[in-house]
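Novice: Before anything else, here's the structure in question.
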Amino acid sequence: MVGQEAVTKVSGKTVAEHIVDFLQRRDVEHVFGLCGHTNIAVLAALAESPIDFVTVRHEQIASHAADAYARVTGRASVVLSHLSPGLTNCATGVANAALDCIPMVVIAGDIPTHYYGKHPHQEVNLHADAAQWEIYRPFVKRAWRVDRADLIAEILEKAFHLAESGQPGPVLVNVPMDIFSEVIPSDTFDRVARNTRALNKPSIDDETARAIVQKIANAKTPVAYVGGGILLAQASEELDAFATHMGLPVAHSLMGKGALRDNHPLVMGMTGFWGTALVNQTCLAADVVFAVGTRFKEADCSSWYPGFTFNIGTEGNDTSVIHIDIEPQEIGRNYPTEIGVVADAKAALRVLTRMAKEMYPDGFDRVEKKAEIAAFRERFTASNAEMQTSSAFPMMPERILADTRSALPDDAIITTDVGWNKNGVGQQFDILTPGSILTPGGFATMGFGPPAAIGAKLAAPDRVVLSLVGDGGFGQNPSMLATAVELDLAIIWLVMNNNAFGTIAGLQKAHYGLTYGTTFPGTPEAPKNGPSYAEIARAYGAEGIRISSADELLPGLRAAIASGRPTVLDVPMINNPTPTTGHWNILDIYSPEKDVSHVAT
């Protein structure tokens, strides 16, 4: 018996090696992370595998890059973290993924099990021992602490299934470093290898589909309202087919931008605070709101104030809501729902389209609504024409966006951050290929865009990837340039440099008449002792260009795309506010009963 145990130990693999084999079987090609003494056993195993370890200089870069990688591939990404400070550095990016429902598996090292209660090096232990995994409990779908090596296979299998099923999201697998190094036989991993890789997703029955189609067909002013769930389910084609057959005008949340191409004849645009008059007024007048893959979040719904975006549930209003979502808790959370359906968006829309074609073979062509949408686009474009062609310098944000759209191919992937590059893009920048914009929605994390571009480029190496980011966001973690240069990733970072935390500066100026703590010394054109982002780029080995006139940007963008080199374009920008037609509750808190929002600073 003793001899058999000795043979097993010699012939077995460490848990770390089994983990890497497991990831290979799931076709994982990249693991994002940073080394630490608790995870080097996994790094040693990765070194002998075809999986690339994407080394970063800060764990938040790893989690943001992994977030974007998952958005582009549609599969759970993998992050490898060290204990305590590594795990907390990583947390912001993981929480961002959680609030945007992005599948991710975080594997973190921890203190050895035999040191539980002894408060060893770097352990978070002020109020509980061996409990670092609980840091993630408020935002991950589940957090496991692995206390026995023979359970790791089962836990990993559950982790990937949970991350990718239902409403997707990140999970944490927390592994004490001695368990990483424990040698075990392969039987537990062999058993899970026979399991299904993906779970079948719920659809919709014909009877319910018939009721939904009938409700929409009988409506006078129906509108489709779609969110990021369409993109997570990769259901853009299905949405197009159903909306086109039913003649449904389509409004979208911030996260739903790019669910359909922005030049689609039925797409009206983004709702809410930064929405346009057309989309907000159409939603207010809707008698049926057909909502798919959306949570009716605050900014998208003008803080749920009636009279701005939706009047659902108000006295005297009879708007009916049909809500389809993969997560039952989202249905009816913010607005009363007449028909609520728990289903995968892609599967549900397929059934709905089939039923619609059976019930109404000729479909619906709402000619007047299409004409209204087309006319509004023309007027809206004309209203921005002066800003989009302005030679002012520092540049108008509208000109920056217009030149960027002109330079990029239709399928280029855009990563945004916060401020004009998110809100202005949502309102004024056409996305022409579904799923080609990656935005930090629920968490609105400053610093998401630049590292997200790394994950996007690794996931889609043949597509142009550009990060639109403010100077505040770019300054969060510029060390991501080191990773991009080392991997020779042809990414462009366009820094919309207003020398401020611009959105907040505009709010503070409007409500308090000052910009204390929200702007930097000097001006966008001549910052005082401020960083030169072009020089920072060159120091990391990337190309760095400081734009000095409005007419330099478009040729500079085209040259950067053609170069195939990681490139930073530092573009001084006037801090004008993004136009708004909706409402935001904070305005009432800061300036009750006053009609004030943002101002230029």
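The values are calculated or read from the model by the stated rules, or taken from the named source; none is laboratory data. On a predicted model such as this, the values are computed, not experimentally measured, just so you know. With ideal geometry, Cβ positions are generated from the backbone for all residues, glycine too; neighbour counts draw on all protein chains shown.
Novice: Which residue pairs have Cβ atoms under 6 Å apart, sit 6 or more places apart or on different chains, and have a first residue in segment 243-254 that is closer than 12 Å to Cys283 by Cβ and a second that is of a type in the set (D, E, K, R) and surrounded by fewer than 23 Cβ atoms within 10 Å (Cβ to Cβ)?
Specialist: Pro249/Lys369
Novice: Right, next: Suppose we keep only residues that are more than 21 Å from the chain's Cα centre (by Cα) and aromatic (Phe, Trp, Tyr) within segment 294-340. Which one would you say is surrounded by the most Cβ atoms within 10 Å (Cβ to Cβ)?
Specialist: Among those that are more than 21 Å from the chain's Cα centre (by Cα) and aromatic (Phe, Trp, Tyr), it is Phe310.
Novice: Return yes or no: is Ala163 modelled with pLDDT under 95 and closer than 30 Å to Ile339 by Cα?
Specialist: no
Novice: Okay, moving on. In the set Asp178, Asp150, Asp190, which member is assigned to a helix (DSSP H, G or I), touching a helix residue (DSSP H, G or I) at 6+ places or on another chain (Cβ under 8 Å), free of Cβ contacts under 8 Å to residues at least 40 places away in the same chain and among the acidic types (Asp, Glu)?
Specialist: Asp150
Novice: Can you confirm whether segment 572-585 contains a residue that is over 24 Å from the mean Cα position of the chain (by Cα) and free of Cβ contacts under 8 Å to residues at least 40 places away in the same chain?
Specialist: no
Novice: Just to check your reading of the model, which residue among Asn384, Asn421, Asn477 is not small (Gly, Ala, Ser) and not assigned by TED's automatic domain parsing to the domain that holds Ala560?
Specialist: Result: Asn384 is the single residue among Asn384, Asn421, Asn477 that is not small (Gly, Ala, Ser) and not assigned by TED's automatic domain parsing to the domain that holds Ala560.
Novice: Kindly establish whether Ala251 is surrounded by 24 or more Cβ atoms within 10 Å (Cβ to Cβ) and not assigned by TED's automatic domain parsing to the domain that holds Asn421.
Specialist: Against the criterion (surrounded by 24 or more Cβ atoms within 10 Å (Cβ to Cβ) and not assigned by TED's automatic domain parsing to the domain that holds Asn421), Ala251 qualifies.
Novice: Another question, then. Taking segment 541-571, which residues are of a type in the set (S, T, N, Q) and within 27 Å of the chain's Cα centre (by Cα)?
Specialist: Thr567
Novice: What about Asp462, is it in contact (Cβ under 8 Å) with a residue 60 or more places away in the chain and of a type in the set (D, E, K, R)?
Specialist: The answer is no for Asp462.
Novice: Could you run through segment 239-278 and say how many residues are in contact with a His (Cβ under 9 Å, 6 or more places away or on another chain), within 17 Å of Glu298 (Cβ to Cβ) and among the hydrophobic types (A, V, I, L, M, F, W, C)?
Specialist: Residues that pass the stated criteria total 2.
Novice: Do you know which residues across segment 516-547 are β-branched (Val, Ile, Thr) and not in a helix (DSSP H, G or I)?
Specialist: Correct list: Thr518, Thr519, Thr523, Ile545, Ile547.
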